[in-house]
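Read-outs throughout are calculated quantities, based only on the coordinates presented, and are distinct from any laboratory measurement. Only a predicted model underlies this, so the values are computations on that prediction, with no experimental measurement involved. Cβ atoms come from the backbone with ideal geometry, glycine included; neighbour counts cover every protein chain shown.
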Protein chains: 2
Amino acid sequence: MQLDDLTDFFTNRQYHFNLNKVVLGVDIGGTFTKLSLVTPLGHIVGQEAFPTHSHNGHDDYPKRLVATSKALVNRIDSSLLGIGIGAPGCDPKTGYISYAVNLPFSAPFPIRDFFEENLCAHTALIKDSSAAALGEKMWGGAKHMDSFVLLTLGTGLGSAFYIHGQLVAGAHHLASELGHTVHIPQGRACSCGQRGCLETYVSARGLQRNLSELFATEITPSHLREVSDSDRTAEMITQAARGGDELARQALERCGVELGNALARICLQLDPEGIFLSGGLTHAGGLLLEPLQQQLQKALLPAFRNKTTVAISALGGADAGTLGAAAQVYLEQA
Amino acid sequence: MQLDDLTDFFTNRQYHFNLNKVVLGVDIGGTFTKLSLVTPLGHIVGQEAFPTHSHNGHDDYPKRLVATSKALVNRIDSSLLGIGIGAPGCDPKTGYISYAVNLPFSAPFPIRDFFEENLCAHTALIKDSSAAALGEKMWGGAKHMDSFVLLTLGTGLGSAFYIHGQLVAGAHHLASELGHTVHIPQGRACSCGQRGCLETYVSARGLQRNLSELFATEITPSHLREVSDSDRTAEMITQAARGGDELARQALERCGVELGNALARICLQLDPEGIFLSGGLTHAGGLLLEPLQQQLQKALLPAFRNKTTVAISALGGADAGTLGAAAQVYLEQA
């Protein structure tokens, strides 16, 4: 069954799924781990979230993850159709998280088998950004689109390309690492070992680094100068920008400008119908989107201007990951 | 009929086409215009070429083009199934060349109607780079590939993305302008009005500019210093590099390095099965490919290394454009 059929089934309410069953969608992020119980209509009937990194950094993350999952599943009457796990750096074929620079366990880790054994339910693994894109296609703003790109702006920058009615998996199942494409040659060092990767400018950590750079180059006062680099969260910077902090605003503007340049590259290459942004950084709203749009239009050849829709995920940044991970299970069972 | 079926028909010699008919493939380039009479098996049975820009710059290019086409068609006994025209900056839907920065006529120009009227044959218009990609899929190295990217390294840099078994046309029929994606922020001025576009480093003109830059930054002797900037052709620079000219070699190396960086971006995004290079610059062979491969592998995340095939078009740089333009006609008639 193709995704489009599935979407139509839901729209026409001629679904093949037992509505008494739910899917557990798990979104493993570099900062938070989120869990949602999702119905076939994309409704969330139960939710949990906890910080991915514990304060002392010495606990057993996989065990915490399974315990939280069990507690959530036990809270509801519906039975479990399956589990969808969205994670960065994973290999959906083998079921392993194969490289996990931002996660608190050493890769490779057999996350799929670990869940199947501990929760006795069919488990599907999917790249975090692919999950968000599937959610957007099934229940979000991309429902009627044949080509779109989704970017997750979280701790890092994830991406998914949906072209000719399907997600681009890549010939070697490696697509799509837009976050680690060189955006500024010889630029900032990245955790991947390269310099100038897009995610070192456009992500929660990129935002922190934008602000640190501004603190170095400008003398404008900011109360965030009194907070240590690692304690300045993306949320804190966004709040400060809203409250009139000029450098916090410029740090977000930098994210928008660099993202605008990156989206221009994508539009010029693939001319997609839409581009969706998901993840914590999108809470900045216009502070991010306005400079983004301005730079995007400027960097496009005239024929491309104002063609591709750029929007924040219709699923809400917070839920897109878990909804998408759940969508993968419905898709497999359809 | 899908491209794959068509290829199989040819391979199994169960083609549906009348072998007594041929297609005229026209490749309009910024430097040369090439014309080939192509059989359904991809054999060229007649060929012409002339410089796109006349010496005085005042003649009527469209008229010259039609006269050469007529002369070529009249030379053979086979009847004409149709004409395929590959050109940069064209709109296949309207049949217009809509922007043509490197061509000797003002856009928009209704090239399809002009040919249909003057040669009384069905005429199809296709972007030059898409044409080369179709040729590669039908008769070249991409025959058995489901995803590949083709770059034409001519006067400018053209591109075509073939994903999930079809060319990416784009939601607004604008894909794929890789040559005008910003490669080096605030870099060289481009004829499109932006700065730092990939084609200002990687193309015949990019090669000339690489050499001019080296003449400015280095003191190494080179007999090409005695040739004016505009007279230093890509072919001349390649010959000089082969003959031991160190700066000419470095100018080609720069093309390779920047192309390696650009291909790394494509691999990280789309993880294609293959990448094919076509066009005059590929005559440099190892002088271009070796630095390219070295930089490509360096710029990729480890998991991506040595996965995607990078090769020079199997059709030969000179014929890929006309073969591909002809392929479009066979495809339409199939």
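Observations, loosely collected:
- Rounded to 10°, Cα long-axis angle of helix A:246-270 versus longest principal axis of chain A: 60 degrees
- Fewest neighbouring Cβ atoms within 10 Å first, the residues B:V227, B:V38, A:V202, A:V329 line up as B:V227, A:V329, B:V38, A:V202.
- HN-Hα J in Hz across the range A:92-107 - Karplus 6.51, -1.76, 1.60, θ = phi - 60°, x for Gly and Pro: x, 6, 8, x, 9, 7, 9, 9, 9, 4, 9, 9, x, 8, 7, 8
- Highest-fluctuation residue, B:T322, B:T123, B:T233 considered, GNM on chain B with Cα pairs under 10 Å: B:T233
- The antiparallel fraction among DSSP beta bridges confined to chain A stands at about 55%.
- Viscosity 1.567 mPa s, temperature 4 °C, Stokes-Einstein D of the range A:265-333 from Kirkwood C-alpha radius, µm²/s: 95 µm²/s
- Here the range A:28-82 was treated as a single set of alpha-carbon atoms; its pair distances binned every 5 Å from 0 give 4, 17, 27, 22, 15, 8, 4, 1 percent.
- Cβ-based exposure ranking for B:L41, B:L224, B:L296, in which fewest neighbours within 10 Å come first: B:L41, B:L224, B:L296
- Kirkwood's formula applied to the C-alpha pairs of the range B:132-171 gives a hydrodynamic radius of 10.4 angstrom.
- Radius 12 Å from Cβ of B:Q269, net charge of other residues (Lys, Arg +1; Asp, Glu -1): 0
- In the range A:163-229, the GluC sites (Glu not before Pro) that fall in loop regions by DSSP, at most 15 other Cβ within 10 Å: A:E218
- Pairwise Cα inverse-distance average, inverted: Kirkwood Rh of the range B:42-141 (Å): 14.7 Å
- Label geometry 7 Å along the beta-carbon vector: B:S106 inter-copy distances in nm: 7.0
- In nanometers and ordered shortest first, the copy-to-copy spacing of the A:N118 label point, defined 7 Å from Cα toward Cβ, is 7.2.
- Other-chain or far-sequence residues with amide H under 5 Å of A:T233's (modelled H): none
- For the range B:111-128, 3J(HN,Hα) per residue [Karplus equation, 6.51 cos²θ - 1.76 cosθ + 1.60, θ = phi - 60°, Hz, x = Gly/Pro]: 4, 5, 4, 4, 6, 4, 5, 7, 10, 6, 9, 4, 10, 10, 10, 8, 4, 3
- Among B:D128, B:D245, B:D60, residue whose mean-square fluctuation peaks in a GNM of chain B (springs only between Cα atoms under 10 Å): B:D60
- Plainly put, the tip 7 Å out from Cα toward Cβ on B:A311 is 4.3 nm from that tip on each other copy, the closest given first.
- Hz values of 3J(HN,Hα) by residue in the range B:229-234 - Karplus curve (6.51, -1.76, 1.60), Gly and Pro given as x: 3, 6, 8, 7, 7, 4
- Here A:D231, B:D319 are placed in order of increasing Cβ neighbour count within 10 Å, fewest first, which gives A:D231, B:D319.
- As a ratio to 2.2 N^0.38 Å, the alpha-carbon radius of gyration for chain B is 0.98.
- Trypsin sites (Lys or Arg not before Pro) lying in DSSP loop within the range B:68-143, provided at most 16 other Cβ fall within 10 Å: B:R75, B:K93, B:K143
- Taking B:I76, B:I28, B:I44 in turn, the Gaussian network model of chain B (Cα-Cα springs below 10 Å) assigns the largest fluctuation to B:I76.
- Between amide H atoms placed 1.01 Å from N, distances below 5 Å from A:T33 occur with A:F50, A:T52, all of them 5 or more places distant or on a separate chain.
- Translational diffusion of the range A:138-297, µm² s⁻¹ [Kirkwood Rh, Cα pairs; Stokes-Einstein; 20 °C; 1.002 mPa s]: 132 µm²/s
- For the protein assembly as shown, share of DSSP beta bridges that run antiparallel, in % to the nearest 5: 55 percent
- Taking amide hydrogens as placed 1.01 Å from N in the peptide plane, the amide H of B:V168 sits under 5 Å from those of B:F161, B:Y162, B:I163, each at least 5 positions away in sequence or on another chain.
- Tail fraction, Cα-Cα pairs, the protein assembly as shown, threshold 31 Å, whole percent: 56 percent
- With R₀ set to 51 Å, the beta-carbon distance separating B:K63 from B:H223 gives a calculated FRET efficiency near 0.80.
- In this structure, A:S78 and B:C120 have a Cβ-Cβ separation that, at R0 = 60 Å, corresponds to a calculated FRET efficiency of about 0.30.
- The range A:245-330: trypsin sites (Lys or Arg not before Pro) falling in loop per DSSP and having at most 14 other Cβ within 10 Å: A:R305
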